[in-house]
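Report on the following structure.
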Amino acid sequence: GTELHKVFETFDFRHIEAALNRLSKNEQSMMKRFLAHQEVQSIATGRCYQEYPFMDFVNGEEQSGVIDLVVDYDDHIDLIDYKLKTIDDEAYQKQLSTYRNYLAKKFNKPIFSYLYSIRDNRFEKVGD
């Protein structure tokens, strides 16, 4: 599971063809399935921040973590969190809400958040 996640963490979304050529056939297939989704059709035109660290205080409590992928477009931000399989856990909704609130303080743009199941090749929009 961690190895699959690592492929996404290190993939060069600015140079997709070259990045695909560096992957094994299995990894290429997995990444091409991801890239075929409507949600990431313009990813090469955005500024991609992979493993984006955050630290925030909410109600006096420190919250920190790493956001898998933040794509900064001219008119909005896409926040994508990869999961190996299950994306239906309510804890993930809360996690993405925390990430979204943090990014809202950093970027003055609408933020759209998604969970992506690597194994099921499924995107799920989270929040509004």
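The values are calculated or read from the model by the stated rules, or taken from the named source; none is laboratory data. The shown structure was predicted, so the numbers you read here are calculated from the model rather than taken from an experiment. Every residue, glycine among them, receives a Cβ derived from its backbone with ideal geometry; neighbour counts consider all protein chains shown. Side chains are part of the model used for accessible areas, which takes the heavy atoms of the whole protein and leaves out ligands, DNA and RNA. Shrake-Rupley method; radii C 1.70, N 1.55, O 1.52, S 1.80 Å.
I want to confirm something. Restricting to the range 86-128 and keeping residues that are basic (Lys, Arg) and assigned to a strand (DSSP E or B), which single residue is surrounded by the most Cβ atoms within 10 Å (Cβ to Cβ)? That would be ARG122. Can you say whether TYR114 is under 17 Å from PRO53 (Cα atoms), touching a Phe, Trp or Tyr at 6+ places or on another chain (Cβ under 8 Å) and in contact (Cβ under 8 Å) with a residue 40 or more places away in the chain, as far as the supplied structure shows? Against the criterion (under 17 Å from PRO53 (Cα atoms), touching a Phe, Trp or Tyr at 6+ places or on another chain (Cβ under 8 Å) and in contact (Cβ under 8 Å) with a residue 40 or more places away in the chain), TYR114 does not qualify.
Cβ separations smaller than 9 Å between residues 6+ apart or across chains give the following pairs from the range 3-28 residues that are more than 22 Å from THR45 (Cα to Cα) and touching a residue at least 60 places away in the same chain (Cβ under 8 Å) to residues that are assigned to a helix (DSSP H, G or I) and open to solvent by less than 50 Å² (accessible area, probe 1.4 Å): LEU4/MET30. Of the set (1) outside any strand (DSSP E or B); (2) at pLDDT below 95, all apply to ARG33 but (2).
Identify, please: which residue in the range 44-56 is of a type outside the set (Asp, Glu) and in contact with a Lys or Arg (Cβ under 8 Å, 6 or more places away or on another chain) and is, among those, surrounded by the most Cβ atoms within 10 Å (Cβ to Cβ)? Among residues in the range 44-56 that are of a type outside the set (Asp, Glu) and in contact with a Lys or Arg (Cβ under 8 Å, 6 or more places away or on another chain), the one surrounded by the most Cβ atoms within 10 Å (Cβ to Cβ) is CYS48. Only residues that are part of a loop (DSSP other than H, G, I, E, B) and free of Cβ contacts under 8 Å to residues at least 12 places away in the same chain were counted in the range 36-59, giving 3. The residue list ASN26, ASN59 contains one member that is over 28 Å from LYS105 (Cα atoms), polar (S, T, N, Q) and surrounded by fewer than 12 Cβ atoms within 10 Å (Cβ to Cβ), which is ASN26.
Scanning the range 76-85 turns up at least one residue that is among the basic types (Lys, Arg), within 20 Å of LYS6 (Cα to Cα) and either open to solvent by less than 60 Å² (accessible area, probe 1.4 Å) or modelled with pLDDT of 95 or more (or both).
Under the condition of being of a type in the set (A, V, I, L, M) and more than 21 Å from LYS125 (Cα to Cα), which residue from the range 1-30 is modelled with the lowest pLDDT? Explain how you work it out, then say what you get.
Taking the range 1-30 first, the residues of a type in the set (A, V, I, L, M) are 4, 7, 16, 18-20, 23, 30.
Then drop every residue that is not more than 21 Å from LYS125 (Cα to Cα), which leaves 4, 7, 16, 18-20, 23.
Values: LEU4: 83, VAL7: 94, ILE16: 96, ALA18: 97, ALA19: 96, LEU20: 97, LEU23: 96.
The qualifying residue modelled with the lowest pLDDT is LEU4.
Pairs are defined by a Cβ separation below 6 Å, a sequence spacing of at least 6 or placement on different chains, a first member in the range 60-73 that is β-branched (Val, Ile, Thr), and a second member that is assigned to a strand (DSSP E or B) and open to solvent by 30 Å² or more (accessible area, probe 1.4 Å); the pairs so defined are VAL66/GLU51; VAL66/PRO53; ILE67/TYR52; VAL70/TYR49; VAL70/TYR52; VAL71/CYS48.
Screening ALA36 with (1) under 19 Å from SER113 (Cα atoms); (2) surrounded by 17 or more Cβ atoms within 10 Å (Cβ to Cβ) gives one miss only, at (2).
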